[in-house]
Amino acid sequence: MQPIFDFFFDQYYGYPTLFIILEVIAVIFGFLSVLYSKQNNILVYPTGIISTTIFVYLLWQWELLGDMMINAYYFSMSIYGWYIWTRKVDAEHFTPITNTTKKENWQSLFIFIATLLFVFAVYEYFDKWTNWTAYVDTFTTAIFFVGMWQMAKRKIENWIFWIIGDIISVPLYFYKGLTLTALQYFVFTIIAIYGYKAWQKNLRNDLRPS
């Protein structure tokens, strides 16, 4: 049992206690945020804001610039999404779950490419191309940027981007030595699959004639 424990958590030996506590808190609120998202619950945003705020600080300390920018972007998009989800489209209804339009698909592509270029430029400027993880980090950052934007607009396709990004992030974070965060993304993958199914059911119900 001890060798297994050491394999997963040996990376934390020597870490400041404060960092470990903050990561645990961020992971807990991250779980809550994804669960609330699956349930189409507005609490996805306040819980997400707490998690991302902590992760921005931790990732800056760990010099993981792409990941840090993801969480800074999540923070800003959480505020935007909170507004969209509480905005009424008429006297009785809030912004509904819908499919992306052709225009929104082009906007998603633009966000993806723009994010790739921006993160690449940041890594280049700070001369952080020291490991292959930087290239993967750039790619996952672009994926998550699109997913967060689509989720804020309540587009069902956001879950596809979350699933892809989460699957890539599991081994990436474990390799970086962030075992708790890697486990978080593993659970995120499972929740995202169920979230996609739940939103599909919700969308079908909304499309049924009254």
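A short reminder: the numbers here are calculations on the coordinates, not readings from a lab. These numbers were taken from a predicted model, which means no experiment stands behind them. Ideal geometry is used to build each Cβ from the backbone, glycine not excepted, and the neighbour counts take in all protein chains shown.
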Report summary line: Scalar couplings 3J(HN,Hα) for segment 131-144 by Karplus 6.51 cos²θ - 1.76 cosθ + 1.60 (θ = phi - 60°), nearest whole Hz, x for Gly and Pro, are 8, 4, 5, 5, 5, 5, 4, 4, 5, 5, 4, 5, 4, 5
Report summary line: Proxy exposure order for Thr181, Thr98 (fewest C-beta within 10 Å first) is Thr98, Thr181
**Report entry** Computed [θ] at 222 nm, deg cm²/dmol, the chain (DSSP H ≥ 4; -39,500 (n - 2.57); rounded to nearest 500)
**Finding:** -26500 deg cm²/dmol
Report summary line: Largest fluctuation, Ser51, Ser37, Ser76 only, Gaussian network model of the chain with Cα springs under 10 angstrom, belongs to Ser76
Query raised in the report: If you place +1 on the Cβ of every Lys and Arg and -1 on the Cβ of every Asp and Glu, how big does the dipole about the Cα centre of the chain come out, in debye to the nearest 20?
Result: 1000 debye
Query - Under 19 Å from the Cα of Lys197 - lysines, other chains or at least 8 residues apart - result: Lys38, Lys153, Lys155
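Tell me whether segment 21-88 comes out rounded, prolate or oblate; compute the Cα gyration tensor, take square roots of the eigenvalues as a ≥ b ≥ c, and use a/c under 1.5 as the rounded threshold.
Note, shape of segment 21-88 comes out oblate.
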Requested in this report: Take the chain, drop everything but the C-alpha atoms, weight them equally and run the Debye formula without solvent; then report log10 I(q)/I(0) at 0.10, 0.15 Å⁻¹ to two decimals.
Outcome: -0.45, -0.97
Query raised in the report: Each residue of segment 49-60 in order: what ³J(HN,Hα) in whole Hz does its phi give by Karplus 6.51 cos²θ - 1.76 cosθ + 1.60, θ = phi - 60°, with x for Gly and Pro?
Result: 5, 4, 4, 5, 4, 5, 5, 4, 5, 5, 5, 5
Report task. Name the long-range amide H neighbours of Phe94: under 5 Å, sequence gap of 5 or more, or other chain; modelled H, no Pro or chain starts. Result -> Val89
Report task. Could you calculate the contour length gain from Thr133 to Ala72, that is, 0.36 nm times the residue separation minus the distance between their Cα atoms, to one decimal place in nm? Result -> 20.0 nm
**Report entry** Note, ³J(HN,Hα) from phi for segment 175-189, Karplus 6.51, -1.76, 1.60, rounded to Hz, x at Gly and Pro
**Finding:** 4, 6, x, 9, 4, 4, 5, 4, 5, 4, 5, 5, 5, 4, 4
Query raised in the report: Can you tell which of Leu117, Leu18, Leu35 shows the greatest fluctuation in a Gaussian network model of the chain with Cα springs below 10 Å?
Result: Leu18
Query raised in the report: In the P(r) worked out for segment 141-210, what percent of Cα pairs fall beyond 15 Å?
Result: 56 percent
Query raised in the report: Using a Gaussian network model of the chain with C-alpha springs under 10 Å, which one of Phe19, Phe186, Phe29 is most mobile by mean-square fluctuation?
Result: Phe19
Query raised in the report: Between rounded, prolate and oblate, where does segment 41-157 land on the alpha carbon gyration tensor, with a ≥ b ≥ c its root eigenvalues, rounded for a/c under 1.5, else prolate if a/b exceeds b/c?
Result: oblate
